[in-house]
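Colleague: Below is the structure I would like to discuss, written out as structure tokens.
The numbers here are math on the coordinates, done by the rules we state, and not lab data. Quick caveat, the model's predicted, so the values are computed rather than measured. In this analysis, Cβ positions are derived from the backbone assuming ideal geometry, glycine residues included, and neighbour counts consider all displayed protein chains.
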Amino acid sequence: MPGAPPGGYTALTLEVDVTCRLGRLHIEAAFEAGPGVTALFGRSGAGKTSIVNMIAGLLKPTWGRIAADGRVLYDSTVGISLPAYKRRVGYVFQDGRLFPHLTVQQNLGYGRWFTPAAERILDFDQVVELLDIAPLLKRLPTSLSGGEKQRVAIGRALLASPRILLMDEPLASLDEHRKQEILPYIERMNDETRIPIVYVSHSLNEVARLANTVVLVSEGRAEVAGPTAEIMARTDLFPLTGRFEAGAVIDCTVAGRDHKSGLLRLDSKAGELLVPLPDMDEGTMVRTRIRARDVMIATEEPNSVSALNVIPATVVDIRIDPPYADIRLDAGGDALLARITEYSVRKLDLKAGRNVFAVIKSTAFDHRSVGVAKQSED
């Protein structure tokens, strides 16, 4: 049953509290990763890969503790440091790292080889179906596209029956088309396996689409962690999330096709959104990111305007960064962000508590900003 854990599998929790000195970079990271995707997000060189390497056992911390559901992988105070092969951690690298002389089927079998049969939580056919790689089994890696190689690499990691899956910028080497090809498989894997995933990325689109939890990493420090929508909506974190790409994350339900406009209807706490997306089954839960720079603010409901999404909202707070201003809005319980000029704030007399309208063009939405949301466990 989609969304149900594999037989005998119980979702785990990863606990990380480590420090490490790497040249000039001093790493301090403390966070927990439960079922779903925990994204380590930050600029290149922030220390994200070093953190996952410590979890994997490829880099030894200076001090700290790493545990998977109470099973200690590393603890400096009692001298525990399990070698990588004993940690039951799967690792997907940027470039896949498949064995070029082995077929896809043999590469996948290599993942199973390290796990005793009694401890396997995913079987071969289940993983092949999950990642849609049956047509590739007899081929060599040299004949695969970048997206196909990454799907096989993910399958190999899953067949090791890991307690934790680490993914270090797995889409970084792919072009935009290949990224869009593989993202749905990661979403499906997240929903069906219940294996905690630690996902390293500096792409806001990927993080907003995939992550349940975000850990912001800057200059070696895990600065803050929390639910994706909450972290993305905090204007005080814009220096870390990227001010010009910042935006709100909203969970929606597909309500069908609007016959008058031909656009897809999405229901959310904020209200109905009309978006130019392909058909999806009615009732499908989706997640969309609305960039702050795509949101305009009106103090009166506009009638003659080309934008189709006009959402009543209330100003929560305003952060001035001359000549710009970042506005956080409450739209029926969903947070929206708007980036306008400081001049517009004065002109519209905006202040916390004022009722306004958020105006969003339908063309602000595209397939890259919308993904299938994690399904309920009920």
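Colleague: Straight distance only, please: which lysines reach the Cα of LYS48 with their own Cα at less than 30 Å, same-chain residues fewer than 8 apart left out?
Modeller: Partners within reach: LYS60, LYS86, LYS149, LYS179, LYS374.
Colleague: For the stretch 72-214, what is the relative contact order in percent, using Cα pairs closer than 8 Å and at least 6 residues apart in sequence?
Modeller: Working: 181 pairs, mean separation 43.4, N = 143.
Over the stretch 72-214, the number comes to 30 percent.
Colleague: Net charge within 9 Å of THR253 by Cβ-Cβ distance, Lys/Arg positive one each and Asp/Glu negative one each, not counting THR253 itself?
Modeller: On the way: positive: none; negative: ASP251, ASP267, GLU282.
Taking every other residue near THR253 into account, the sum is -3.
Colleague: Using amide H atoms built in the peptide plane, which far-off residues or other-chain residues are under 5 Å from THR13 H to H?
Modeller: Those qualifying (amide H under 5 Å, at least 5 residues apart or on another chain) are ASP69.
Colleague: Okay, moving on. Along its principal axes, what span do the Cα atoms of the stretch 248-372 show, with the longest given first and each in whole Å?
Modeller: 43, 28, 22
Colleague: Give me the dipole magnitude in Debye, nearest 20, for the stretch 104-231 about the Cα centre, with unit charges on the beta carbon: positive for Lys and Arg, negative for Asp and Glu.
Modeller: Working: 14 positive and 18 negative charges, 94 e Å.
Here the size comes out at about 460 debye.
Colleague: Report, in debye and to the nearest 20, how large the dipole of the chain comes out about its Cα centre when Lys and Arg carry +1 and Asp and Glu carry -1 on their Cβ. Don't jump to the answer; show the numbers that get you there.
Modeller: Values: 45 positive and 47 negative charges, 225 e Å.
Its charge dipole is roughly 1080 debye.
Colleague: A further question follows. Starting from the Cα gyration tensor of the stretch 212-320, take the square roots of the eigenvalues, sort them a ≥ b ≥ c, and report rounded, prolate or oblate (rounded when a/c is under 1.5, otherwise prolate if a/b is larger than b/c, else oblate). Before the final figure, lay out the partial values.
Modeller: Values: a/c = 2.67, a/b = 1.51, b/c = 1.76.
It comes out oblate by the Cα gyration axes.
Colleague: Here's a follow-up. What per residue convex hull volume, in Å³, comes out for the stretch 122-230 when only alpha-carbon positions are used?
Modeller: Numbers: hull volume 12.8 nm³, N = 109.
Residue-normalised Cα hull volume stands at 117 Å³.
Colleague: For ALA39, which sequence-distant residues (separation of 5 or more, or a different chain) have an amide H within less than 5 Å of its own amide H, given hydrogens modelled in the peptide plane?
Modeller: For ALA39, the qualifying residues are TYR199, ASN212, THR213, VAL214, VAL215.
Colleague: Related question: What are the ³J(HN,Hα) values, in whole Hz, obtained from phi via the Karplus relation 6.51 cos²θ - 1.76 cosθ + 1.60 with θ = phi - 60°, for each residue of the stretch 49-66 in sequence order, with x given for Gly and Pro?
Modeller: In residue order, the calculated couplings are 5, 4, 5, 5, 5, 5, 5, 6, x, 8, 9, 8, x, 6, 7, x, 8, 10 Hz.
Colleague: How far apart, in nanometres, would the label points at ALA117 and SER218 be if each is projected 7 angstrom from Cα along the Cα-to-Cβ direction?
Modeller: Roughly 5.3 nm, to one decimal.
Colleague: Calculate the translational D of the stretch 14-232 in whole µm² s⁻¹ from Stokes-Einstein, where the hydrodynamic radius comes from the Kirkwood formula applied to all Cα pairs, the temperature is 4 °C and the viscosity 1.567 mPa s. Numbers along the way, then the final one.
Modeller: Numbers: Rh = 17.6 Å.
This corresponds to a translational diffusion coefficient of 74 µm²/s.
Colleague: Something else about it: Where does the chain land on Rg(C-alpha)/(2.2 N^0.38 Å)? Mind showing how you got there, number by number?
Modeller: Numbers: Rg = 22.2 Å, N = 378, 2.2 N^0.38 = 21.0 Å.
With N residues counted in the chain, Rg over 2.2 N^0.38 Å equals 1.06.
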